[in-house]
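> There's a structure below that I have some questions on.
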Amino acid sequence: MSAQIIDGKAIGAAVRAEVATEVERFAWEHDGARPGLATVLIGDDPASAVYVKGKQKACKEVGMEGFSFPLAADTPREEAVALIERLNDDPAVSGILCQLPVPDHLDGAELTGLIHASKDVDGLSAISAGLLALGRPGLRPCTPSGVMHLLGEAQTELEGAEAVVVGRSNLFGKPMAQLLLGANATVTMCHSRTRELPNVCRRADVLIAAVGRARMVKADWVKPGATVIDVGMNRLDSTPPKLVGDVDFEAVKDVARAITPVPGGVGPMTIAFLLRNTLQAAWLARGARAEVS
Ligand code: NAP
């Protein structure tokens, strides 16, 4: 039997619609003030410019303020630091995002680390990572939060489930494992030096692949009835160019209970949860209880 296809596009759109409704409630309760997202883009990397433009557009679509700060590629460290500090102190700015990578003379981790934890809507600073590891409230990284939401929408039982995360990046794999642990799954993290990776994956009730290797996860790596989440985004040099995930979707969909496609699975969740985090940060700044953990 073919798996349930988890429709990230529709689920992401529903999250955005909920955020848009909440933004109106926020504005109504705060004399028209709206949550605001500040994006800092340093340099002229074309892909980064496209991502930032998409984030700003998404902000406007849900009724939030967007503040865009494009800085030249040779911006001195002091100037970038001063901008982030100024945004930390600006009450109109609920969330700050420093688009990575930054030019070589700057340190992306340092700049991200300067963002106040209450405005760290990417959830990637050391403080945000620490709060997550300790199970304390904080802003969580967007893509792993989006995956948790997809798992919920696909009615995936996490309590006591065997969850395997392939990939241990700070951006995705590590926070993903922490969120699953927080939901009482039994979590195994795999990486490039994991032995017998197919066997480890086959144990999983929930298998999450975030590697960056096209169609690496084969059908015989997947336990029948598992939920499979494909985070990978790999561009194939075909004509026309094709985007594929880390999972061999066509074969795995006949084994899994539920699976995300690429594109249209995890991808749309990242911006949806960036907006949700910005809204959460805005509520927190006004002393209100945020509705998401
Ligand atoms: P990353 O920082 O490059 O990390 C890749 C991870 O995969 C590393 O932990 C690496 O292990 C592991 N790995 C590499 N080859 C492996 C192998 N043969 N077997 C097992 N593990 C292996 O990547 P990332 O930032 O986490 O992103 C991973 C993928 O997800 C990319 O395709 C990226 O584009 C995509 N992504 C998508 C979204 C989205 O949809 N919005 C968001 C984030 C990431 P080592 O640590 O041992 O090197």
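> Please find the FRET efficiency linking residue 219 to residue 155, where r is the Cβ-Cβ separation and R0 is fixed at 25 Å, and quote it to the nearest 0.05.
0.65
> With 10 angstrom as the radius, rank 149, 30, 105 by how many other C-beta atoms surround their C-beta, starting from the fewest.
Ranked by crowding around the Cβ, least crowded first: 105, 30, 149.
> Also: Once fully extended, how much extra length lies between residue 110 and residue 181, figured as 0.36 nm per residue of separation less the alpha-carbon to alpha-carbon distance?
Length gained between residue 110 and residue 181: 22.8 nm.
> Within the chain, which whole H helices from DSSP have a Cα span along their axis of at least 27 Å and a mean Kyte-Doolittle hydropathy of -1.0 or more, if any?
Flagged H segments are 8-29, 267-285.
> Starting from the Cα of residue 100, step 7 Å along the direction of its Cβ; do the same at residue 191; then give the gap between the two resulting points in nm.
Each label point is offset 7 Å from its Cα along the Cβ direction, giving 1.5 nm.
> Once you've got the Cα coordinates, tell me which of 60/242; 174/242; 218/253; 55/242; 53/174; 9/57 are over 20 Å apart.
60/242; 174/242; 55/242; 53/174
> Once R0 is set to 25 Å, what does the formula 1/(1 + (r/R0)^6) return for the Cβ-Cβ distance between residue 233 and residue 68, expressed as a FRET efficiency to the nearest 0.05?
0.55
> Next up: Determine the gain in length on full extension of the stretch residue 251-residue 117; use 0.36 nm per residue of separation and subtract their C-alpha separation, reporting nm with one decimal.
Gain in length upon complete extension: 44.0 nm.
> Report, for the chain, the % of DSSP beta bridges that are antiparallel, rounded to 5.
Percentage antiparallel, nearest 5: 10.
> Looking at the square roots a ≥ b ≥ c of the eigenvalues of the Cα gyration tensor of the range 18-86, which shape do they give, rounded for a/c under 1.5, prolate if a/b is larger than b/c, or oblate?
Cα axes put the range 18-86 in the oblate bin.
> For residue 223, list the aspartates and glutamates whose Cα falls under 13 Å from its own Cα; do not include residues on the same chain fewer than 8 positions away.
Within reach: 162, 205, 254.
> Work out the length of the dipole vector of the chain about its Cα centre, built from +1 on the beta-carbon of each Lys and Arg and -1 on the beta-carbon of each Asp and Glu, and round it to the nearest 20 debye.
So the magnitude is around 660 debye.
> Taking amide H positions as placed 1.01 Å from N in the peptide plane, with prolines and chain starts having none, which residues 5 or more places from residue 243, or on another chain, fall under 5 Å of its amide H?
Answer set, sorted by chain and number: 236.
> Within a 10 angstrom radius of the beta carbon, how do 206, 121, 93 rank from fewest other beta carbons to most?
Exposure proxy ranking, most exposed first: 93, 206, 121.
Since every read-out is calculated from the coordinates, none of them should be taken as a lab result. Keep in mind the model is a prediction, meaning the values are calculated, not measured. Here the Cβ is made from the backbone with ideal geometry for all residues, glycine too, and neighbour counts use every protein chain on show.
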